[in-house]
Amino acid sequence: MTHPTKPNGVWVPWLLAMVLFSLVVAMSAGILRSLGGADLPDAVLAGGTAFGAAMGLCLGAVTVVKELRKTT
């Protein structure tokens, strides 16, 4: 039986970096959508979708890296 590792203070800067990266992606998607002629609600919806997708990919990548480190 393996014991979970104690969380160290490394998660906070990584989580902040993931949120900031996702915000940049969301802003870019919203701006591009509005430049394409969409109205404000459509641009905000596109930005929110892009934020969720980018954040999901970032968190998924962390999980994959943790699992790969266990096997090697």
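Fully extending the segment from D39 to K70 would add 6.4 nm, taking 0.36 nm per residue of separation and subtracting the current Cα-Cα distance.
Helix 40-71 versus the longest principal axis of the chain: what is the Cα-based angle in degrees, 0 to 90, to the nearest 10? Between helix and principal axis, roughly 20 degrees. In plain terms, if you count all Cα to Cα distances in the chain and split them into 10 Å steps from zero, the share in each step is 19, 35, 24, 14, 7, 1 percent. The residues F21, F51, sorted by heavy-atom accessible surface at 1.4 Å with ligands and nucleic acids left out, run F21, F51 from largest to smallest. Quick check: the angle from helix 11-35's long axis to the longest principal axis of the chain, C-alpha only, nearest 10 degrees? Roughly 20 degrees between the two axes.
The values are calculated or read from the model by the stated rules, or taken from the named source; none is laboratory data. Nothing here was measured: the structure is a model prediction, and the numbers come from that model. All accessible areas refer to the heavy atoms of the entire protein, side chains included, with ligands and DNA or RNA removed. Shrake-Rupley method; radii C 1.70, N 1.55, O 1.52, S 1.80 Å.
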